[in-house]
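Note sheet for the following structure.
Please treat every number below as a calculation from the coordinates, not as lab data. Small disclaimer: the values here were computed from a predicted structure and weren't measured. All Cβ positions, even for glycine, are placed from backbone atoms using ideal geometry, and neighbour counts span all protein chains on display.
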Amino acid sequence: MSNLLRQEIAATAHTLVVKVGTRVLTRADGRLNEEQIASLAEDVAAAYESGHRVVLVSSGAVGAGMSLLGLKQRPADLAKLQAVAAVGQTSLIETYDRTFCKYGRRAAQVLLTADDISHRTRYLNVRNTLSSLLEFNAIPVINENDTVAVEELMTTFGDNDRLAALVTNLLRAPLLVILSDVDGLYNGDPREPASQVIPTVDRLNDATRALVRDRLTGLSKGGMGSKLEAARIVTTAGESVIIAGGRHPKILQRILAAEEVGTLFLAQGKSVSPWKRWIGFSARPHGRVLLDAGAVRAVAEQGRSLLAIGIVAAEGDFGKGDVVALCDERGLEIARGLTNYPAADVQRIMGLPSSRIAQVLGHRPYEEVIHRDNLALLGGN
């Protein structure tokens with residue numbers, strides 16, 4: 001059954017996003033491994049020849065910059081870290097372009113911040129640009145714009161695993177491949193000889209997350225925990241994810257040949273519309289509303305709109321049309337949606353039946369606080 005699923009996924013993956021991590025692209029001392037990039041380029045070119053379009057999300061800029069500047073440790077100071085990334089990014093993209101040229105392709109550098117994905121117009125511009133690059137048979141090489149991304153200002157993705165997941169959803173790509181320095185999700189500590197790679201994960205849950213065994217290094221930010229979060233984002237939107245060892249020769253060709261390599265995370269349900277993908281995973285919430293148990297069931301299980309009567313609290317200074325998080329009374333986020341009412345009005349009408357909204361506000365432009373067409377379930381929580 002697993003092999004049949006992989007065959008179907010490989011056959012329908014007209015576009016795949018490939019995320020390659022820092023540890024795959026660099027040597028033990030942090031220097032960029034040009035031989036590894038050359039091997040990856042050959043693999044990507046072969047995927048193109050077999051009819052698949054590929055978008056790369058590549059780490060390695062900071063590691064490359066450390067090598068070029070002779071640094072032994074990743075800088076802790078933000079400005080210095082951004083400077084190292086700026087130095088390394090030029091080397092990284094030049095190496096990609098030089099190696100892709102051998103196969104008649106060109107690398108296209110695309111640097112993004114979280115605001116580029118959160119803002120609706122910029123989100124669409126990014127999608128249009130990537131689609132045009134693919135039409136030109138160029139290979140987009142995407143990285144976070146570390147030079148301007150600032151975590152304190154909430155303009156950072158956090159890690160490239162999440163960035164890759166958001167790009168997958170943006171393009172509605174059927175498959176995300178995360179190439180790591182480990183061969184997949186293990187059923188125990190990967191350092192133990194008895195531990196084995198789990199070939200297929202039907203559903204992400206607490207038991208799956210409990211298998212994470214991350215280790216900290218001075219080179220990369222992501223670990224298996226961030227990869228599982230990326231898998232949750234993509235599978236919830238109705239697409240599949242494979243985590244596999246990026247140092248194995250021709251790993252993409254093996255994946256597209258439906259070999260049982262790495263861990264396959266199966267899509268959960270039908271493919272979600274682009275509009276709801278943006279609402280649920282890309283747009284940044286401006287506030288949150290807490291729902292009672294009945295409203296949680298209505299939204300999460302019955303696919304209904306959110307009515308004022310089911311809201312018990314509203315937090316944040318959000319306006320009409322902003323994205324807000326929908327949480328249960330414990331604060332667990334279950335969905336996101338575009339609100340029809342600003343925070344001040346929600347606080348006045350929460351807990352009331354829709355028939356009383358006009359009495360309280362003087363008008364009732366909408367029966368629902370959030371219509372189901374503008375609401376996206378997050379899943380996997």
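Per-residue ellipticity at 222 nm computed for the chain from its helices equals -11000 deg cm²/dmol, with DSSP H segments shorter than 4 residues left out and the rest contributing -39,500 (n - 2.57).
Could you tell me whether the range 1-105 comes out rounded, prolate or oblate from its Cα gyration tensor? Rule is a ≥ b ≥ c as square roots of the eigenvalues, rounded for a/c under 1.5, then prolate if a/b exceeds b/c, otherwise oblate. Since a/c reaches 1.5 and a/b is larger than b/c, the shape of the range 1-105 is classed as prolate. Close lysine pairs were tallied over the chain: pairs 8 or more places apart or on different chains with Cα atoms under 29 Å apart number 20.
Taking every alpha-carbon pair under 8 Å whose residues sit at least 6 apart, the chain reaches a relative contact order of 15 percent. Highest mean packing comes first when the peptides 62-69, 32-39 are listed by Cβ atoms within 10 Å, giving 62-69, 32-39.
For the chain, DSSP calls about 40 percent of its internal beta bridges antiparallel. Taking every alpha-carbon pair under 8 Å whose residues sit at least 6 apart, the range 314-381 reaches a relative contact order of 35 percent. A straight line joining the Cα centroids of the range 259-317 and the range 358-381 runs 13 Å.
By the scheme Lys and Arg +1, Asp and Glu -1, what is the net charge of all other residues having a beta-carbon under 10 Å from that of Arg172? Once positives and negatives cancel, what remains is +1. Rounded, prolate or oblate: which fits the range 2-276 when a ≥ b ≥ c are the square roots of the eigenvalues of the alpha-carbon gyration tensor, with rounded for a/c under 1.5 and prolate only if a/b beats b/c? Rounded, since a/c falls under 1.5.
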